[in-house]
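Here's the structure we're looking at; comments come further down.
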Amino acid sequence: MSSSRLPGVSDRGGGVTGPGFEALVDALFPFHFAVADDLRVQRAGPTLAARFPAVRAGARLGDLFEIERPALPLDHAALRGAGKSLVVLRLRQEGVRFRGQFLWVEESSSVVFFGGPWISDLGTMVAAGLELADFPPHDPRGDLLLQAQVRKTMQLDLAERQRRIEQAEEQKAELQRHLDQVRKTEVAAQVAGGLAHNFNNLLTLMHGHAELAAARLRAGDAEGALQRIRLCQVANEDAAALIRQLRNLSVDRAVEVRPVDLHQALERTRSLVQPMLGSEVVWEIESALPGGATALCDPNALGEVLVNLAINAAEAMSRRGRIHTSLHLEEPGHGATFGLPIGEGRVLCLRFADTGPGFGPEPRARAFEPFFTTKRDGHSGLGLATVERLVTLSGGLIRLVDARGAGACFEVRFPAAQEEPEARRRRVMVVDDEPAVLDLVTDLLAGAGYSVESFSDPLEALRAWESGRRFDVIVSDVRMPRLEGPEMVRRIEAVGGAVPTVFISGFAGGALESEAPTSAGPRVLLGKPFSGARLRNSIESLLLPAPSGN
Amino acid sequence: MYGLLNRAIKEMTIESHGPALWRRICELADVVDDDFASMQQYPDSLTYRLVGAFCAETGLATEEVLERFGEFWIRHTGARGYEELLDVSGRTLPQLLGNLDNLHARLALSFPDLVPPMFSVSDETDSSLSLHYHSHRDGLGPVVLGVLKGLGDRFALDLELRRNVLPPALDGRVHEVFEVKWRARNVESRP
């Protein structure tokens with residue numbers, strides 16, 4: 001077949017035409033075929049003839065191939081005119097696709113197809129009964145097929161690697177579960193051991209004092225017996241306190257995570273515990289966040305944490321020294337460093353440092369362990385363990401870090417609350433010398449979304465205003481020993497201009513009525529008792545813009 | 001060399017001697033990450049260290065190990081999804097050996113970091129030929145011997161092989177000639 005004269009090749013021998021030229025065409029295009037004007041095959045290239053014997057001289061083009069594209073009618077004229085089109089044919093019997101072009105050879109009125117099988121992967125090549133050597137070395141199809149095979153191998157590699165990664169992750173998770181279980185067992189053993197030790201001591205005390213009380217009674221020494229009984233009661237109370245601490249550790253107490261102003265929480269705690277710390281303990285509060293430091297945490301848990309840390313610090317300093325607390329905001333992503341599930345939010349960091357002796361290497365590593373203590377005076381060793389648990393339950397993280405200089409330094413991190421719409425985040429100054437009322441009003445307003453700062457001392461509140469702090473509204477008690485509410489507000493307004501004020505009082509309205517008529521801002525008097533809703537309404541009524549024309 | 005070869009060494013080791021030996025080989029060869037990516041380029045020295053460690057651990061001579069690797073390679077190539085590549089590379093042993101250089105040339109074009117050997121065939125008869133092997137890498141002739149043995153199995157042929165190491169070329173390339181004679185074991189070649 002392949003030796004028949006190439007249509008249009010003249011019998012001049014050698015050169016561009018002649019048998020040499022035919023051999024050239026066969027070598028370059030082994031899958032070519034020529035079609036006469038009767039649409040019958042005149043000639044086929046050597047490899048086409050060898051691999052697909054149906055394509056032989058005399059066979060009808062239409063019987064052999066379907067023209068998939070372009071949309072060409074099966075006539076000679078259409079094929080002649082399709083010289084610039086990429087033609088895709090399908091060999092009907094084997095289903096193999098061919099791609100190429102038809103070229104018109106005028107001398108012989110033949111249309112010749114130059115092209116070859118379209119093979120997209122080695123599997124198709126094998127199925128078609130072809131091999132790489134069927135394509136001339138210059139034909140890039142072989143290279144493309146190898147690349148396709150390599151891509152397939154890479155995909156196999158990736159899939160294998162992914163499976164190994166998943167297996168490794170499963171193993172890691174299993175190991176982690178096992179490790180957690182081992183740790184729980186260890187902690188449980190430690191807690192049980194510590195508990196037994198502490199209770200043994202207390203039971204020994206109670207038993208001993210009870211025996212001695214009985215001895216004193218038998219000896220007729222009622223006073224001595226009473227003393228011993230009191231000591232027994234003290235030991236009993238210590239045991240009860242131990243149980244409460246244990247409960248904090250062991251029970252998943254309910255927490256209510258909500259926006260809490262950390263600065264205000266620090267101020268309030270300082271006010272509450274300062275008497276317990278002693279007069280020679282100075283507690284400084286520093287904030288690099290004049291605009292507010294609102295974190296998401298449980299306010300009650302936070303309060304307990306701060307009290308615990310403050311008392312710990314004071315005891316470590318032998319009730320003489322400085323506590324320094326500071327607040328700063330950390331950028332998005334920083335929290336992930338500490339394992340906080342914050343995602344992209346910012347983190348508020350509260351540093352709690354003292355000027356005590358600090359922690360040595362071993363105590364530092366075990367500081368948060370239940371029952372671990374370096375104190376010799378019967379401390380349970382549950383304080384910091386409780387602190388850690390409260391922080392964790394509240395969605396935060398606590399670390400013991402190297403202090404700058406001597407002393408201990410704790411860093412407590414909580415997610416920063418999202419900024420609330422401007423209209424809701426009114427800043428409220430609350431002033432009341434009665435701690436319970438101060439707490440209540442602060443909690444009510446913070447829970448309603450206000451940014452609240454509270455002062456138990458009206459002079460301190462005045463100093464805050466004088467130092468540049470500003471608030472949208474003041475909520476103040478009327479009767480306060482060091483400075484009455486109305487006078488405080490008058491002095492504040494002298495510094496910062498008119499400020500709306502809600503006065504709260506258990507008395508009749510006489511206090512307000514008696515104030516100097518130089519008050520500038522609007523006033524509301526709220527009598528006790530009052531509800532949170534009434535308090536909020538009072539505030540909002542002061543903050544409403546005045547109707548026009550009034 | 002591409003990771004495909006290092007993976008094959010790993011699989012050959014595990015198949016013949018188990019994973020414990022492989023781990024020892026990695027320690028000896030100072031290989032920390034043995035998760036080789038097939039199409040990633042690795043230093044030749046890594047492959048040589050692995051082979052050296054295998055020899056040290058098994059007491060086998062280097063040439064024997066390399067020959068075993070060549071045989072394993074033909075089997076491994078099939079198992080790793082290159083079965084079709086072998087299928088389309090030649091229907092008979094002489095055809096495949098004749099196409100070997102083109103195959104490596106195409107690979108070299110597609111993967112510029114690959115520096116494959118060169119092959120050519122001479123003195124071909126109905127039952128014998130000489131396969132010429134040229135390479136810039138020294139000492140890997142036994143691999144070719146192993147590959148030939150593997151191909152003999154693939155085409156169900158009994159082979160007689162002789163390896164002749166010729167003086168290196170002026171550019172330092174290794175030149176070895178493998179005289180290959182074959183006899184059908186069953187029925188000639190694959191359909």
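The values are calculated or read from the model by the stated rules, or taken from the named source; none is laboratory data. Just so it is clear, the structure is predicted and the values come from calculations on it, not from any experiment. All Cβ positions, glycine included, derive from the backbone under ideal geometry; neighbour counts span all protein chains shown.
Per the conditions (1) of a type in the set (Ser, Thr, Tyr); (2) more than 10 Å from chain B (Cβ to nearest Cβ); (3) farther than 30 Å from residue A:242 by Cα, the sole criterion not satisfied by residue A:185 is (3).
Kindly indicate whether any position in the range A:195-211 is among the small types (Gly, Ala, Ser), surrounded by 12 or more Cβ atoms within 10 Å (Cβ to Cβ), touching a helix residue (DSSP H, G or I) at 6+ places or on another chain (Cβ under 6 Å) and at pLDDT 90 or above. Within the range A:195-211, one or more residues are among the small types (Gly, Ala, Ser), surrounded by 12 or more Cβ atoms within 10 Å (Cβ to Cβ), touching a helix residue (DSSP H, G or I) at 6+ places or on another chain (Cβ under 6 Å) and at pLDDT 90 or above. Residue A:412 satisfies every condition listed in (1) touching a Phe, Trp or Tyr at 6+ places or on another chain (Cβ under 9 Å); (2) at pLDDT 80 or above; (3) not in a strand (DSSP E or B) except (3). The set of residues in the range A:126-140 being more than 7 Å from chain B (Cβ to nearest Cβ), buried (at least 19 other Cβ atoms within 10 Å of the Cβ) and either of a type in the set (Lys, Arg) or part of a helix (DSSP H, G or I) (or both) consists of A:134 alone. Annotation: residue B:71 fulfils all but one of (1) in contact (Cβ under 8 Å) with a residue 60 or more places away in the chain; (2) within 12 Å of chain A (Cβ to nearest Cβ); the unmet one is (2). Please determine, by comparing only the residues of the range B:98-124 that are surrounded by fewer than 17 Cβ atoms within 10 Å (Cβ to Cβ), without any contact (Cβ under 8 Å) to a residue 12 or more places away in the chain and of a type in the set (S, T, N, Q), which one is farthest from the other protein chains (Cβ to nearest Cβ). Applying the filter and picking the extreme gives B:122.
Return the only residue of A:112, A:105, A:87, A:126 being touching a residue at least 40 places away in the same chain (Cβ under 8 Å) and within 30 Å of residue A:143 (Cβ to Cβ).
Values: A:105 fails: within 30 Å of residue A:143 (Cβ to Cβ); A:87 fails: touching a residue at least 40 places away in the same chain (Cβ under 8 Å); A:126 fails: touching a residue at least 40 places away in the same chain (Cβ under 8 Å).
Exactly one of A:112, A:105, A:87, A:126 is touching a residue at least 40 places away in the same chain (Cβ under 8 Å) and within 30 Å of residue A:143 (Cβ to Cβ), namely A:112.
For residues that are in a loop (DSSP other than H, G, I, E, B) and more than 10 Å from chain B (Cβ to nearest Cβ), scanning just the range A:113-125, find the one that is farthest from residue B:85 (Cα to Cα). Talk me through it step by step, then tell me what you get.
Within the range A:113-125, the first condition is being in a loop (DSSP other than H, G, I, E, B), and the residues that meet it are A:118-121.
Next, only the ones that are more than 10 Å from chain B (Cβ to nearest Cβ) stay: A:118, A:120.
Values: A:118: 17, A:120: 13 Å.
Top of the filtered list is A:118.
In this structure, residue B:77 does not qualify as part of a helix (DSSP H, G or I), more than 14 Å from every other protein chain (Cβ to nearest Cβ) and polar (S, T, N, Q).
Scanning the range B:106-165 for residues that are in a strand (DSSP E or B) and among the acidic types (Asp, Glu) turns up B:158, B:160.
Taking the numbered list (1) in a strand (DSSP E or B); (2) out of contact with any Asp or Glu (no Cβ under 8 Å at 6 or more places or on another chain) in turn, residue A:259 passes all entries but (2). Across the range A:344-363, the qualifying residues are those that are closer than 18 Å to residue A:398 by Cβ and among the small types (Gly, Ala, Ser), and the one among them that is surrounded by the most Cβ atoms within 10 Å (Cβ to Cβ) is A:353.
Among the conditions (1) over 30 Å from residue A:71 (Cβ atoms); (2) more than 10 Å from chain B (Cβ to nearest Cβ); (3) more than 57 Å from the chain's Cα centre (by Cα), residue A:110 misses just one, which is (1). Take the conditions more than 15 Å from the chain's Cα centre (by Cα), touching a residue at least 12 places away in the same chain (Cβ under 8 Å) and surrounded by fewer than 17 Cβ atoms within 10 Å (Cβ to Cβ) and apply them to residue B:127. Does it pass? Here the answer is yes, as residue B:127 does meet what is asked. Against the numbered list (1) charged (D, E, K, R); (2) within 12 Å of chain A (Cβ to nearest Cβ); (3) assigned to a helix (DSSP H, G or I); (4) more than 30 Å from residue A:162 (Cβ to Cβ), residue B:91 comes up short only at (3).
Test residue B:32 against the stated conditions and say whether it is β-branched (Val, Ile, Thr) and assigned to a loop (DSSP other than H, G, I, E, B). Spelling it out, residue B:32 is indeed β-branched (Val, Ile, Thr) and assigned to a loop (DSSP other than H, G, I, E, B).
With respect to (1) assigned to a helix (DSSP H, G or I); (2) at pLDDT 75 or above; (3) surrounded by fewer than 19 Cβ atoms within 10 Å (Cβ to Cβ), the lone exception for residue A:535 is condition (3). The residue that is surrounded by the most Cβ atoms within 10 Å (Cβ to Cβ), counting only those in the range B:1-27 that are small (Gly, Ala, Ser) and in a helix (DSSP H, G or I), is B:8. Taking the criterion of being closer than 25 Å to residue A:345 by Cα and either at pLDDT 85 or above or part of a loop (DSSP other than H, G, I, E, B) (or both), the residues of the range A:300-313 that qualify are A:301, A:302, A:303, A:305, A:306. When restricted to residues that are surrounded by fewer than 17 Cβ atoms within 10 Å (Cβ to Cβ) and of a type in the set (A, V, I, L, M, F, W, C), the range A:212-228 contains 6. It is to be established whether one or more residues within the range A:152-174 are of a type in the set (Ser, Thr, Tyr), in a helix (DSSP H, G or I), within 14 Å of chain B (Cβ to nearest Cβ) and on the phi < 0 side of the Ramachandran plot. Checking the range A:152-174: at least one residue is of a type in the set (Ser, Thr, Tyr), in a helix (DSSP H, G or I), within 14 Å of chain B (Cβ to nearest Cβ) and on the phi < 0 side of the Ramachandran plot.
Filter the range B:28-42 down to the residues that are in contact (Cβ under 8 Å) with a residue 24 or more places away in the chain and exposed (fewer than 14 other Cβ atoms within 10 Å of the Cβ) and list them by number. Talk me through it step by step, then tell me what you get.
Initially, the range B:28-42 is screened for residues in contact (Cβ under 8 Å) with a residue 24 or more places away in the chain, giving B:28-29, B:34, B:36-42.
Scanning the range B:28-42 gives B:40, B:41.
For residue A:432, the criteria (1) surrounded by fewer than 16 Cβ atoms within 10 Å (Cβ to Cβ); (2) modelled with pLDDT of 90 or more hold in every case but one, which is (1).
Here's the yes/no breakdown for (1) at pLDDT 90 or above; (2) more than 15 Å from the chain's Cα centre (by Cα); (3) acidic (Asp, Glu):
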site	(1), (2), (3)
B:62	yes, no, no
B:87	no, yes, yes
B:96	yes, no, no
B:103	no, no, no
B:106	no, yes, no
B:164	yes, yes, no
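Taking the range A:125-173 as the range and being of a type in the set (S, T, N, Q) and modelled with pLDDT of 85 or more as the test, the residues that pass are A:162, A:167, A:171. Within the range B:2-56, if we keep just the residues that are within 14 Å of chain A (Cβ to nearest Cβ) and hydrophobic (A, V, I, L, M, F, W, C), the residue that is nearest to residue B:113 (Cα to Cα) turns out to be B:39. Taking the conditions (1) without any contact (Cβ under 8 Å) to a residue 24 or more places away in the chain; (2) under 25 Å from residue B:108 (Cα atoms); (3) basic (Lys, Arg) in turn, residue B:137 satisfies each one other than (1).
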